[in-house]
Amino acid sequence: MWSGNRHLDEVFASVFLVVLEMDYLAFFIVAALQSYQIEAEHVDSTVKLASAMTLECVFPKAANIVQIFWQKEERKENIAVFKLPDQLHIFSRYKDRVSVTNDTSNIKSLVFNSTTGEDTGFYICSFHTFPLGVWKKKIQVVQSAGDFEPQNLSYHHMVAEPGANVNFTCGPDPETTLYQVKWKRIYTDHVDFIVRCDTSGIAIYGSDYEDRVVIDCAARVDSTIVLRNVTASDSGMYSCSYIGMNGANATVWTKLTIDGNISLESHSDQRIFVIAGAAAVLSLIMILIITALICHHKKKKKKKRMMMMKAFRLAHTQANPSNKYGRPGCQSAVNTSRGQMTEDPVYANCTNCSQRHM
């Protein structure tokens, strides 16, 4: 009986350990998910605190916009509420210090007329739309002693025309496998987050670029993004920061210039090429025409010369008739009797030919 109870206790103990291990496993799974969620959260834009600053918020999609909210995240504090078409309400704490742009329905940037050190922190701009739901942009305001755009750095320079799709490439040593890659747009007073790839293979986009950037996070040797339909506002500095599985890390800089003259120059080059080609064809045609005219003229001249010679011979023959032997003024007779040919005597130096000898 005791031994049976002891066996039962051992069974209960084993079950308890299994349950405990499952709890630990669940704990680690939840912790991992939470850590991934924290890692997945990102700031769409980082802005340097200034006495007068603008927190840009542009809704990039086409939808029916119902309301726009500006909030400070730490305090869950409402700053402004905009209900279209023109019902704007700014809360009392910010009423004399901020305004909201109202140029278009999809651009509702928060403009600070004056700031204090308490204005650093995280801000949320949210568009409530139909049927797409809620779109958000997260902005961090930080105190910074210098510009975000570094000076005197080495960078790759690219030039593109408006409307083009631009490829940015960032890759370490081919033997390095990428663990994480971050792409950013760098300004003097703020930084925009573009996209990030990590070992999950899932691309996490910045709010301003989710519909404009294409990336393949499965590529683990290098990273390439395609920025579609660029405009003049896309000119500036871009950075790619990567971390390799072996711990290697670096930042690659690219400067992009959007130049509308490239299209004009390319069209000008095409026009020059077309004109040059047309000139070459025209020259060839002229050469052929001139050659044909020369040949025709030579042929005509030769024919004329032959006709003149023929006329000259005919005139000479009519003026000085002769027999087949070249004796002028004499006729010849041929006797064909008995198959023999005989010739009558020919008298030279006579004015009139003598009669035939009978």
Task: Elements of type strands (runs of 3 or more DSSP E) in the range 163-250, at least 1 residues being touching a His at 6+ places or on another chain (Cβ under 8 Å) and within 24 Å of V58 (Cα to Cα) - done: 190-197
Task: Leading residue by the ranking (farthest from the chain's Cα centre (by Cα)) among those in the range 160-182 that are at pLDDT 90 or above and either outside the structural domain of G206 (by TED's automatic domain parsing) or charged (D, E, K, R) (or both) - done: K182
Task: Breaking point among (1) outside the structural domain of S235 (by TED's automatic domain parsing); (2) surrounded by 14 or more Cβ atoms within 10 Å (Cβ to Cβ); (3) in a loop (DSSP other than H, G, I, E, B); (4) not charged (D, E, K, R), for Q151 - done: (2)
Open item on the list: Just to check your reading of the model, which residue among I65, I29 is modelled with pLDDT under 95, out of contact with any Pro (no Cβ under 6 Å at 6 or more places or on another chain) and closer than 30 Å to Q180 by Cα?
Closed with: I29
TODO: Tell me, please, whether a residue that is loosely packed, with under 13 Cβ neighbours inside 10 Å, of a type outside the set (V, I, T) and modelled with pLDDT of 85 or more can be found in the range 262-281.
DONE: no
Task: Selection status of I243, at pLDDT below 95, among the β-branched types (V, I, T), buried (at least 16 other Cβ atoms within 10 Å of the Cβ) and touching a strand residue (DSSP E or B) at 6+ places or on another chain (Cβ under 8 Å) - done: yes
- [ ] Any residue in the range 117-139 that's without any contact (Cβ under 8 Å) to a residue 40 or more places away in the chain: show its pairings with residues that are in a strand (DSSP E or B) at Cβ separation under 6 Å, as long as the two are six or more apart or on different chains.
- [x] V134/S126; V134/H128
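The values are calculated or read from the model by the stated rules, or taken from the named source; none is laboratory data. Worth saying up front: this structure is predicted, and the values here are computed from it rather than measured. A quick note on method: Cβ atoms are made from the backbone with ideal geometry, for glycine too, and the neighbour counts reach across all protein chains shown.
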